[in-house]
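Step one of this worksheet: look at the structure below.
The values are calculated or read from the model by the stated rules, or taken from the named source; none is laboratory data. Source: prediction; values computed, not measured. In this analysis, Cβ positions are derived from the backbone assuming ideal geometry, glycine residues included, and neighbour counts consider all displayed protein chains. SASA here: full protein model, heavy atoms, side chains in, ligands and nucleic acids out. Shrake-Rupley method; radii C 1.70, N 1.55, O 1.52, S 1.80 Å.
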Amino acid sequence: QVRFVESGGGLVQPGGSLRLSCAASRSMFSIYYMAWYRQAPGKQRELVAAISISGTATYADSVKGRFTISRDNAKNTVHLQMNSVEREDTAVYYCNERPPVPAYWGQGTQVTISS
């Protein structure tokens with residue numbers, strides 16, 4: 001069992017930057033893939049980015065080149081650096097394993113892109 005706590009969301013203008021953090025309640029050394037997901041109003045939750053324990057990252061086409069996922073296994077944290085944000089990035093952002101474990105969904109952190 002593990003608990004993920006997301007933080008770092010907020011209100012940002014289009015073109016701005018934001019850094020999200022995810023803290024795990026236990027060691028992440030046994031979690032091969034960690035990922036960020038997001039759910040916009042009226043839409044299904046979707047995968048944004050994933051990273052392997054060795055640091056290999058993959059991204060959704062919609063964020064490729066703008067977002068960067070990273071993980072610090074020693075500190076049990078995963079980050080999502082969001083640059084050049086767009087209104088379409090507005091959503092609640094969650095971290096979880098990949099594939100996600102339903103019981104591990106946290107509260108998420110709200111990201112709102114608006115001028």
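Quick look at the values:
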read-out	value
Contacts under 8 angstrom Cβ, first residue in region 53-77 being assigned to a loop (DSSP other than H, G, I, E, B), partner of a type in the set (Lys, Arg), 6 or more apart	Ile53/Arg71; Gly55/Arg71; Asn76/Arg26
Restricting region 23-41 to residues that are within 13 Å of Val92 (Cβ to Cβ) and modelled with pLDDT of 95 or more, the residue that is farthest from the chain's Cα centre (by Cα)	Ala40
Sole exception among (1) open to solvent by 80 Å² or more (accessible area, probe 1.4 Å); (2) touching a residue at least 24 places away in the same chain (Cβ under 8 Å); (3) not aliphatic (A, V, I, L, M) for Gly42, by number	(2)
Candidates Gln110, Gln1, Gln81, filtered to the one that is polar (S, T, N, Q) and assigned to a loop (DSSP other than H, G, I, E, B)	Gln1
Subset of region 4-52 (residues that are in contact with a helix residue (DSSP H, G or I) (Cβ under 7 Å, 6 or more places away or on another chain) and either assigned to a loop (DSSP other than H, G, I, E, B) or closer than 16 Å to Val111 by Cα (or both))	Pro14
